[in-house]
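Structure first, then comments.
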């Protein structure tokens, strides 16, 4: 009985995939058949029947005469449901191949608050890096933040939701020691990747200044990364010269002189068989990430298995059962031979 009511529940019907969904519109035509029969019956000649003084045609026995029509209507409706072929499809995806291990190292020093990229350098980098994360599939990624020191915020993982949360949490002042410790950032990234068995190991380092903090020389750190088979892409962010940086006490835009150590950034990329990119605006930064995305492609293959199961049989048996019940009711006192 529970299975019967389960078949009729809205959630059950809504959960099906229908091979012929347009046929379900025929259910609305079922009541029209009875209206049409009633109209045709009204046009036929009628025979008057005299009832005794104690006969009451409006009692509950008279209402039972509608039962055969209700049973027939349900039989036709379930037949339409069966013809529409309710189905459920289970899909299983199997992945094969090997992905890439990538460490994103982002500068969160005070200079990243400069507003030559909107709304500022750090916010623009976070937004476009988030798009880069969404474009990966099957790759493990890790996140490193650095200023005057470097810290690993997320290990190599395919939990992209976790990575997005950690990326969104990047902010100015999260590392007490200000500055730009590029060598330390590369050291932390190398420590994350050195035991990786991925076919390709990549560090993407994004900074807007010159290395002026940390105890590890950036070039030495890049050579160490190369020894572990790590490729380094360096991204120099922002414009050189006087750029907007907040407002002064009078509410006027303040400008500061900024300069990127492009020579060192190029040297780091070359030491680890990578590339250097310069991004002076948001569109340029997006294009840089798109180029890296094209250069570092995973060899992940997906095989999909689909198993489709039909559920029309229960509704077909219901329809046949109700049809037989209707034929049985037609041979009882509930049938009106004068109408049929």
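Would you give the gap between the C-alpha center of segment 124-168 and the C-alpha center of segment 186-265, rounded to a whole Å?
When both Cα centres are located, 15 Å separates them.
At a Förster radius of 56 Å, what calculated FRET efficiency corresponds to the Cβ-Cβ distance of residue 331 and residue 287, to the nearest 0.05?
0.10
Only bridges whose two residues both fall in the chain count here: according to DSSP, what percent of them are antiparallel, nearest 5?
Values: 22 of 47 bridges.
Restricted to the chain, the bridges split so that about 45 percent are antiparallel.
I want the antiparallel fraction of DSSP beta bridges within segment 98-299, as a percent rounded to 5.
30
Calculate how steeply helix 312-330 sits against the longest principal axis of the alpha-carbon atoms of the chain, using the helix alpha-carbon long axis, and give the answer as 0 to 90 degrees to the nearest 10.
20
Run lengths n ≥ 4 of DSSP H only: what is the helix-derived mean residue ellipticity at 222 nm for the chain, with -39500 (n - 2.57) per run over all residues, to the nearest 500?
Working: 12 runs with 135 residues, N = 340.
My calculation for the chain gives -12000 deg cm²/dmol from helical runs alone.
In angstroms, what radius of gyration and Dmax does the chain have, counting Cα atoms only?
When restricted to Cα atoms, the chain yields Rg and Dmax of 36.8, 114 Å.
Compute the projected area of the convex hull of the Cα atoms of segment 98-299, averaged over all viewing directions, and report it in nm² to one decimal place.
Result: 10.4 nm².
Within 10 Å of each residue's Cβ, count the other Cβ atoms and sort 77, 215, 184 from fewest upward.
Details: 77 20, 215 9, 184 25.
Lowest to highest Cβ neighbour count: 215, 77, 184.
In degrees between 0 and 90, to the nearest 10, how far off the longest principal axis of the chain does helix 67-83 point, with axes built from Cα atoms?
40
Relative to the longest principal axis of the chain, what angle (0 to 90°, nearest 10) does the C-alpha long axis of helix 262-271 take?
Approximately 70 degrees, to the nearest 10.
Based on the mean of other Cβ atoms within 10 Å per residue, sort peptides 33-40, 225-232 so the most packed one is first.
Top of the packing list down: 225-232, 33-40.
Got the relative contact order for segment 98-299 handy, in percent, Cα pairs under 8 Å and 6 or more residues apart?
24
Neighbour counts of other C-beta atoms within 10 Å: give me 305, 160 arranged from fewest to most.
305, 160
Can you put 89, 158 in order of Cβ neighbours within 10 angstrom, beginning with the fewest? Provide the component values of the computation, followed by the final result.
Numbers: 89 10, 158 13.
Listed from fewest to most nearby Cβ atoms, that is 89, 158.
Computed from the coordinates by the stated procedures, all read-outs in this text should not be read as laboratory data. Just so it is clear, the model here is predicted, and its values are computed rather than measured. Glycine gets a Cβ as well: all are built from the backbone with ideal geometry, and neighbour counts include every protein chain shown.
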